[in-house]
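As structure tokens, the structure follows; a few thoughts come after it.
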């Protein structure tokens, strides 16, 4: 036991040393232009995977959590075709919901996170590529090293790390922002080894993540603390705003969250304070005005006009009503 | 001595006949449990894995992808040709990607008399056979530019064009070395961000008319697509297959802030669409284009007819400059697709503004299809847009891309497919090492082995100057490797780790194993007794 502690201590110390040295390199030795280039975003599209892993009415708050993030990414421009939203239960249509068709983030019904239009995505596949920035948001009930999936399965931190490593090997992301709001959330990102991953968790190992408040008319907790403050921050972000991920990582200080928000940035090579939040929560589509043409003419314009005489018109027809009831028999 | 040793065995002697059965039964149990049960348990719980050429696949990246190209040079003066070739050969001598073979075409009395470049090219091709991917430089002294790229596999050059200019053109336009470097780069910041060409695409041509009651636009879009888009796509389907659909969509409005701008036209104003708003505009219409009906990646080509109250619509950049050129307002967003604004003619909107009945009109096919064809060139990444000083490119005048452009695209796609397939197979092998419970069934195993064989064959074909074969093989290798990597059967036993094997089966086996193992003891006793009996 003592040995393991010692090894851990040495490793952590080495990591701290290493990170300090990199910081020193970044600012002093390298030319400014290079540092700027390394900080620039290099993605070409955005994807979001939003997962609520728990069902049942008393987990209303988890649905509110995931819908809050869904609402934000959609508002900031990620199209439904690039969002994978997994909700285990339909709280909006639950018989115990006094406000059917609506899910709120707080008791004053401030924001209906359920929204008005919910489209369906093309497929449930994460069709990201080497230029994709992927946002992964998980919420539910977790423990040290796992997240429960609907009371029957669980996903372990090792499985998550394997999955992300597999994505990296197959060049399925450019950068990945991993956000998790569960108890002991930080344990879920501990096993990550893949590069370009920035992770934030609502609580450290050994801590519980707490819910924000109860709505007496609904009778359950509305939303979790971390996501509540995250949504509060995201609501102020506009598609072209200059807010950074660095600011977003500090949305929930310990005095409001009660749990300690864990951040892991040793795998991430850019400085979060220089990364716009829209790199992950917004969407970009590179567009380019193109006004050239290929000068080929194959036919006269007349050939593409619908000829009314040639159109097959329906023959006029007569409608005959069959009698529905033999009323003449009773006359 | 005798009495003491025989005394414990004595009671057994009574049922010595039964002893035989007891031993027989014990042996039967042992055979069933250990001979059949244990191997069966082991077999049924082991993760099925076909033998794969793992070490060979992992060493795939050791042999670099090298492509052979033949470049012929025709000069009127033989010594100039020799000099050019010597200089070019030294420029390409230690290249890691290309093995370029330069061939000199010497002048003949016939070629000296040729009056047009086309006639000269024809004459030269009578004696010199070009295969797919080859190229030829023809000297033509009267040329204005240093180099003129034709639509075939050739370029004309002036008599004083230096060899480094030719090498530059080869790298930039014909071989596209910088893009190949992007594909082969292992650094993810430098590497290509786009996807490898997929085996099949849906091309969806949509005409958006948000106000059909007010804008009476008529157009036989199906016919236009059949005349222009389908034949063109048929010409470029060497790498991917395309399925084309066309549709009219009504009442699909775009979401964008439009600004009115005064101008000198009869309408007295037009509307400005900011360039920065274009991505959002695409997001707002993407939902309604029904690109979601298939699983194939889609290329959307949209013709948008603005209703008269916001027409004519033009794109402006952030410096408030109008970006309309040649009467075209259009943009592309690779790989999503292209967007063309087809403003209704002025007279239509004039009558609409004066509250008269909507005037029916026909959307111009030539205008829109010409722009759409250019957009397709760019979206499929066939056109080479790099500009070079002193180099001119002949305009396309037929319904197919320039041959050298298309063959560069074939070559690039082949290299792309080979490198993607190699890295896919390699990462799969690494994953198999790391995660022991991934199943590889016969089908997936065959896909992986075939893909590996095709990669080798495609590499060989590239090196042996057979681009057409290499393209086919590389595509097959790519498709097979993707199928192998993403096959659902890989995960069949993902929730069946090794612990489960022991945790679940041991409690099941242990109660049976205890009597079987203890019967070993009994068996040994009996055997010892027998031996002693024999000895005595």
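According to the Cα gyration tensor, what semi-axes, each the square root of 5 times an eigenvalue, does the equivalent ellipsoid of the stretch A:116-226 have, listed from largest to smallest in whole Å?
27, 19, 13
Among A:73-84, B:315-326, what's the highest-first ranking by average C-beta atoms within 10 angstrom per residue? Working shown, then result.
Details: A:73-84: 20.8, B:315-326: 13.5.
Sorting A:73-84, B:315-326 by mean packing, highest first, produces A:73-84, B:315-326.
Residue B:237 to residue B:385: extension gain in nm, 0.36 nm per residue of separation minus the Cα-Cα distance?
Numbers: separation 148, 0.36 × 148 = 53.28 nm, distance 2.09 nm.
Computed gain between residue B:237 and residue B:385 is 51.2 nm.
Using a basic spin-label model with each label point 7 Å from the Cα along Cα→Cβ, how many nm lie between residue B:394 and residue A:235?
About 6.5 nm, to one decimal.
Between residue B:486 and residue B:28, what is 0.36 nm times their sequence separation minus the Cα-Cα distance? Round to one decimal in nm. Mind dumping the intermediate values first?
On the way: separation 458, 0.36 × 458 = 164.88 nm, distance 4.63 nm.
Value of the extension gain: 160.2 nm.
With labels modelled as points extended 7 Å from the Cα through the Cβ direction, what inter-label distance (nm, one decimal) is found for residue A:266 paired with residue B:80?
6.6
Averaged across B:334-340, how many Cβ atoms of other chains sit within 10 Å of each residue's Cβ atom? List each step's numbers first, then the result.
On the way: counts 5, 4, 6, 0, 3, 3, 2.
That works out to 3 on average.
How many percent of DSSP beta bridges within the protein assembly as shown run antiparallel, rounded to 5? Present the calculation step by step, with values, prior to reporting the outcome.
On the way: 31 of 103 bridges.
Antiparallel bridges: around 30 percent, rounded to the nearest 5.
Counting other beta carbons within 10 Å of each residue's own, what order do A:162, B:17 fall into, fewest first?
Ascending Cβ contact count within 10 Å gives the list B:17, A:162.
Sort the stretch B:193-295 into rounded, prolate or oblate with this rule: let a ≥ b ≥ c be the square roots of the eigenvalues of the Cα gyration tensor; rounded if a/c is under 1.5, and if a/c is not under 1.5, prolate when a/b is larger than b/c, oblate otherwise.
Working: a/c = 2.11, a/b = 1.67, b/c = 1.26.
Because a/c hits 1.5 or more and a/b exceeds b/c, the stretch B:193-295 counts as prolate.
Between Rg and the Kirkwood Rh of the stretch B:349-484, both from Cα atoms, what is the Rg to Rh ratio? Don't skip to the end; give the middle numbers.
Details: Rg = 23.8 Å, Rh = 18.9 Å.
Looking at the stretch B:349-484, the ratio lands at 1.26.
For the stretch B:200-380, list log₁₀ I(q)/I(0) at each q in 0.08, 0.09 Å⁻¹, using the Debye formula over Cα point scatterers of equal strength and ignoring solvent, two decimals each.
-0.25, -0.32
Starting from the Cα gyration tensor of the stretch A:44-281, take the square roots of the eigenvalues, sort them a ≥ b ≥ c, and report rounded, prolate or oblate (rounded when a/c is under 1.5, otherwise prolate if a/b is larger than b/c, else oblate).
Details: a/c = 1.40, a/b = 1.31, b/c = 1.07.
Since a/c stays below 1.5, the shape of the stretch A:44-281 is classed as rounded.
What FRET efficiency comes out for residue B:506 versus residue B:50 if R0 is 41 angstrom and r is the Cβ-Cβ distance? Round to the nearest 0.05.
Here the calculated transfer efficiency is 0.90.
Just how many % of Cα pairs in chain B lie over 38 Å apart, if you round to the nearest whole percent? Intermediate values should be presented prior to the final figure.
Numbers: 76801 of 143380 pairs.
That tail contains 54 percent of the Cα-Cα pairs.
Using only alpha carbon positions, build the gyration tensor of the protein assembly as shown, then give the equivalent ellipsoid semi-axes as the square roots of 5 times its eigenvalues, largest first, whole angstrom.
60, 43, 32
Between residue B:287 and residue B:108, what is the label-point separation in nm under the 7 Å Cα-to-beta-carbon projection?
6.8
Enumerate the residues in the stretch B:237-272 having an amide nitrogen under 17 Å from the point lying 7 Å beyond the Cα of residue B:213 toward its Cβ.
Label zone hits: B:250-253.
If packing is taken as the average count of other Cβ atoms within 10 Å, what order do A:126-136, B:92-102 fall into, highest mean first? Intermediate values should be presented prior to the final figure.
Numbers: A:126-136: 21.5, B:92-102: 14.5.
In decreasing order of mean packing, A:126-136, B:92-102 become A:126-136, B:92-102.
Once the Cβ-Cβ distance between residue B:355 and residue B:261 is put in as r, and R0 is 30 Å, what FRET efficiency do you end up with, to the nearest 0.05? Could the numbers behind the result be given before it?
Values: r = 23 Å, r/R0 = 0.77.
So, using R0 = 30 Å, E works out to roughly 0.85.
In whole percent, what relative contact order does chain B give with Cα contacts below 8 Å and a gap of six or more residues? Working shown, then result.
Numbers: 738 pairs, mean separation 91.4, N = 536.
This gives 17 percent for chain B.
How far is the Cα center of the stretch B:30-69 from the Cα center of the stretch B:196-210, in Å?
The stretch B:30-69 and the stretch B:196-210 have Cα centres spaced 41 Å from each other.
As a footprinting exposure proxy, order A:228, B:406, B:271 by other Cβ within 10 Å, with the fewest listed first. Mind showing how you got there, number by number?
On the way: A:228 25, B:406 21, B:271 18.
Neighbour counts put them in this order, fewest first: B:271, B:406, A:228.
For the Cα atoms of chain B, what angle does the longest principal axis make with the long axis of helix B:117-127, in degrees from 0 to 90, nearest 10?
Helix B:117-127 sits roughly 40 degrees off the main axis of chain B.
Output the antiparallel fraction of DSSP beta bridges having both residues in chain B, as a percent to the nearest 5. Working shown, then result.
Working: 15 of 63 bridges.
Rounded to the nearest five, the antiparallel share is 25 percent.
What is the stretch B:262-327 by shape, rounded, prolate or oblate, if you read a ≥ b ≥ c off the alpha carbon gyration tensor as root eigenvalues and call it rounded for a/c under 1.5, prolate for a/b larger than b/c, and oblate otherwise? Numbers along the way, then the final one.
Details: a/c = 2.79, a/b = 2.07, b/c = 1.35.
Here the stretch B:262-327 falls in the prolate category.
Quote the relative contact order of the stretch B:99-242 in percent (integer), defining contacts as alpha-carbon pairs under 8 Å separated by 6+ residues. Don't skip to the answer; put the middle values down first.
Working: 91 pairs, mean separation 17.7, N = 144.
Rounded, it is 12 percent for the stretch B:99-242.
Could you compute Rg(Cα) / (2.2 N^0.38 Å) for the stretch B:67-183, with N its residue count? Numbers along the way, then the final one.
Numbers: Rg = 13.8 Å, N = 117, 2.2 N^0.38 = 13.4 Å.
In units of the globular-protein estimate, the stretch B:67-183 measures up at 1.03.
At 0.36 nm per residue, minus the direct Cα-Cα distance, what do residue B:531 and residue B:362 gain on full extension? Give it in nm, one decimal, please. Don't jump to the answer; show the numbers that get you there.
Working: separation 169, 0.36 × 169 = 60.84 nm, distance 10.92 nm.
Additional length available on full extension: 49.9 nm.
Hey, what number do you get for chain B at 222 nm if only DSSP H runs of n ≥ 4 count, each worth -39500 (n - 2.57), divided across all residues, to the nearest 500? Working shown, then result.
Values: 19 runs with 237 residues, N = 536.
Result for chain B, helices only: -14000 deg cm²/dmol.
Coordinate-derived values only; no laboratory data. It should be emphasised that the depicted structure is a prediction, and the values quoted were computed from it without experimental measurement. Reconstructed Cβ throughout: ideal geometry from the backbone, glycine too, with neighbour counts over all protein chains shown.
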